[in-house]
Protein chains: 2
Amino acid sequence: MTDRALADTFLELRSTLTDDGVVTLGLREADMVAPGDDQVVVRIEAAPINPSDLGMLIAGGDLAAASSVGTEELPAVALPTSLAGQAARLGKPMPVGNEGAGVVVAAGRSPAAQALVGKVVGFLSGNAYAQYRTLHVSQCLVMRDGTDPADAAAAFVNPLTALGMVATMRSEGHTALVHTVGASNLGLMLNRVCRDDGVSLVNIVRKSAQVDQLRAEGAEHVVDSSADSFLDDLTDALRATGATIAFDAIGGGDLASTLLSCMEKVAGEQLGEFSRYGSDTHKQVYVYGGLDRGPTVLRRDFGMSWGIGGWLLTPFLIKVGQDEGDRLRRRVADEITTTFASTYGTRLSLREAVDPDQVRRYGRMATGDKALVTPQSV
Amino acid sequence: MTDRALADTFLELRSTLTDDGVVTLGLREADMVAPGDDQVVVRIEAAPINPSDLGMLIAGGDLAAASSVGTEELPAVALPTSLAGQAARLGKPMPVGNEGAGVVVAAGRSPAAQALVGKVVGFLSGNAYAQYRTLHVSQCLVMRDGTDPADAAAAFVNPLTALGMVATMRSEGHTALVHTVGASNLGLMLNRVCRDDGVSLVNIVRKSAQVDQLRAEGAEHVVDSSADSFLDDLTDALRATGATIAFDAIGGGDLASTLLSCMEKVAGEQLGEFSRYGSDTHKQVYVYGGLDRGPTVLRRDFGMSWGIGGWLLTPFLIKVGQDEGDRLRRRVADEITTTFASTYGTRLSLREAVDPDQVRRYGRMATGDKALVTPQSV
């Protein structure tokens, strides 16, 4: 422990789904936990609301029907939702916030913990929407001195996902890739990683303004899915890059099917003869998000050499192992204000994070309008 | 060459798609090809019409609109169809018939070829709907003496697919499997392979009569997708077997999605705590056919640990290599009238195979009504 006196309690957010079909996201008081030998207490300064946080936060709730509940001191927001597939969380106040950053204000006795006192750290914890958390040193990624905690808030999910996509592309034998939300924070990071690493990337965006934004960032292949020429543009970009793997955050609709079809079209152009089963080029789409919660529709007009599946960061990190994971995390810390810089559309106190209007705003997951929770702000 | 005189020509079927959007399947005369050193001439006695043959045969044509064309001597059937995705076969008379069986009536000079004279062989050739074919010895699977060529006609596609499914299940770390067309010839083979090899199999069938049929064959887990209790029955069977991989011949509709959902439900029952991403049990569906040509609809209510993809026999055989492939083929030949026995609903001469009514019948791909082409019959 350091000498600095810690408060006995702090504010945190919890999300509770009850059997009346209502999910309630609210502030509550939590007890400070003294750090064990290998633990530190982090004063949390910033935590992003990523799309991957929304499932736990609002449990598929109806944004339009969000309403204020709770008290003046401990406000909350309630949304009607479906209980389907959520039995395991019923009645339990779930912690929220995958990642965040802050300053280490207390530490256990071990040298590893003591070495972090006063440092800015990013962390992955699953409970980051809170004023303090007591964390194991291994959960913390130490930033260079002088790093703004707001810059370090999103040091895990998006940066490691971007690096994980490129690593997955390589390990499965592909040489270029497609990303379906090119103008997202993650997309911009991925574009920078690919540019730095010499990997060809096809960026799909959903608005023409985002084409310009990505080109200004040096992206070579940007395709606007809202354009009439989308299919031709996409096919041209696939032909130019040879991309046969895509990472898709949208999930619903026919985009995955379209990607596989266009990849197959390019592969077919290189075939000398007709094959009843299409090309033998393996085409892969990984769905890593669900911006469109509707069903994925596969037309299966892309031969028989194809795959689609879920992709998650944690299994990827387990698969590559500790050493490779450490190498990736070190790169993130070193490039947190450049390659892995994030931007936010709004900053929210914990109290604002349960305001129905704010919930509606961040619940839309609009590209370019990400929210950053700043738990120390009043 | 043997002393037996071969005819100069023989009859064969070819399927030709023309740019007016019509596919024509017709008889024509072909020239006999003298065997090279390592080749044999097979007098073809029987060749099945598998679902995997239909794409090449009728090119997605409209069965209801099939009409007779051609001449009295060389009849043909024509069907309107779409050209989409079939540019590479336009105007080319495509050979048809993946596999067949017959008697070796002539052979080249090599000992390997000479050893086959008079033998009954099954073969995989892509052009089996013909009276004769000149084949490399490596394409032939020699049957035990006394085997009826009709029994050996389907020695490749279904038997090796059944064996390939079990091998794929094992190599990807699953311990039990699901098959979505349990009462098909392939399904019955797979049921026997699993019974003999001690592998748990969930058979999905589409009619209650097929439940009895499979049970009579010793199947333990048979689920009728037309029953009101289908979802519960399927979930129970998945729980009982632990199956987390399925092979699906239907393709279209929501069956793949339902399989993944029910597998996830069982996996979730074993989870101690709520996970926002679902279980970490990998659930896999391989689509190896397209009895329903409609789109595959994935509801994605099955967590993030899932995959769906195409599965084909040829890449599987390439992957396992020559020695393992030979071992599998030997097993097929040894058990061709038991484990790998096929039954047919009808036998067709080449002439009957282009009769519009017959095309409509085999084009439906009804389970239990498979057609066997017998090219030597008048």
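What follows is calculated from the coordinates using simple rules that are stated; it is not laboratory data. It should be emphasised that the depicted structure is a prediction, and the values quoted were computed from it without experimental measurement. Cβ coordinates were reconstructed from backbone atoms using ideal geometry, including for glycine residues, and neighbour counts include every protein chain displayed.
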| said: Please list the three semi-axes, largest first and in whole Å, of the ellipsoid equivalent to the stretch B:137-215, using sqrt of 5 times the eigenvalues of its alpha carbon gyration tensor. | reply: 25, 18, 10
| query | residue B:34 label points, 7 Å along Cα→Cβ, one per copy: pairwise distances from this copy to the rest in nm, shortest first? | reply | 9.9
| query | Can you list, largest first and rounded to whole Å, the semi-axes you get for the stretch B:1-148 by taking the square root of 5 times each eigenvalue of its Cα gyration tensor? | reply | 32, 15, 13
| query | Could you give the Stokes-Einstein D for the stretch B:199-257 in µm² per second, using the C-alpha Kirkwood radius, 37 °C, 0.692 mPa s? | reply | 275
| message | For the pair residue A:19/residue B:369, report the inter-label distance in nm, with labels modelled 7 Å from Cα in the Cβ direction. | response | 5.0
| request: For residue B:119, list the lysines whose Cα falls under 22 Å from its own Cα; do not include residues on the same chain fewer than 8 positions away. | output: none
| request: Quick one: among B:100, B:310, B:61, which has the greatest mean-square fluctuation in a GNM of chain B with alpha-carbon springs under 10 angstrom? | output: B:310
| query | Modelled label-to-label distance, residue B:346 and residue B:196, 7 Å Cα→beta-carbon offset: nm? | reply | 3.1
| Expressed as a whole number of Å, what is the distance separating the alpha-carbon centroids of the stretch A:49-72 and the stretch B:304-349? | 51
| note | Between the alpha carbon centres of the stretch A:210-225 and the stretch A:233-301 the gap in Å comes to 20
| message | Can you tell me what percent of all Cα-Cα pairs in the stretch B:214-308 are more than 15 Å apart? | response | 62
| remark: In whole Å, largest first, the alpha carbons of the stretch B:100-151 cover along the principal axes 26, 24, 16
| So which aspartates and glutamates pass the test for residue A:319, namely a Cα distance under 14 Å, with those fewer than 8 places away in the same chain ruled out? | A:172, B:280
| residue B:82 paired with residue A:292, simple spin-label distance in nm, labels 7 Å along Cα-to-beta-carbon | 1.8
| said: Defining the label point at 7 Å along Cα→Cβ, can you sort the distances from residue B:109 to the same site in each other copy, shortest first, in nm? | reply: 9.1
| For the stretch B:239-283, taking Cα atoms only, what is the radius of gyration to one decimal and the Dmax to the nearest whole Å? | 11.5, 35
| Using just the C-alpha positions of the stretch A:29-76 as equal point scatterers, what log10 of I(q)/I(0) does the Debye formula give at each q in 0.14 1/Å? | -0.65
| field | Inter-copy separations for residue B:71, label at 7 Å along Cα-Cβ, nm, ascending | value | 9.8
| field | Whole-number Å³ per residue for the convex hull built on Cα positions in chain A | value | 145
| remark: Over all viewing directions the Cα convex hull of the stretch B:30-109 casts an average projected area in nm² of 7.3
| Taking other Cβ within 10 Å of each residue's Cβ, how do B:282, A:136 sort, fewest first? | A:136, B:282
| If we restrict to alpha carbons, what Rg and Dmax does the stretch B:154-198 come to, in Å? | 10.0, 29
| Can you work out the FRET efficiency for the pair residue A:69 and residue A:230, with r the C-beta to C-beta distance and R0 = 30 Å, to the nearest 0.05? | 0.10
| With chain B treated as a Gaussian network of Cα nodes joined by springs under 10 Å, which of B:209, B:101, B:47 yields the largest mean-square fluctuation? | B:209
| field | Calculated FRET value between residue B:357 and residue B:5, using beta carbons and R₀ = 41 Å, to 0.05 | value | 0.65
| request: With viscosity set to 0.890 mPa s and temperature to 25 °C, compute the Stokes-Einstein D of the stretch A:247-378, Rh being the Kirkwood radius across alpha carbon pairs; µm²/s, no decimals. | output: 133
| note | In whole Å, largest first, the alpha carbons of the stretch B:294-363 cover along the principal axes 51, 38, 22
| field | Descending semi-axes in Å of the protein assembly as shown, equivalent ellipsoid built from Cα gyration tensor | value | 59, 27, 24
| message | Looking at chain A as a GNM with Cα springs under 10 Å, which of A:129, A:362, A:344 has the largest mean-square fluctuation? | response | A:344
| request: Answer with one residue from A:98, B:367, A:113: the one whose Cα lies farthest towards the positive end of the charge dipole of the protein assembly as shown, charges on Cβ with Lys, Arg +1 and Asp, Glu -1. | output: A:113
| said: Can you compute the helix-only [θ] at 222 nm over chain B? Use -39500 (n - 2.57) per DSSP H run of at least 4 residues, normalise by all residues, nearest 500 deg cm²/dmol. | reply: -9000 deg cm²/dmol
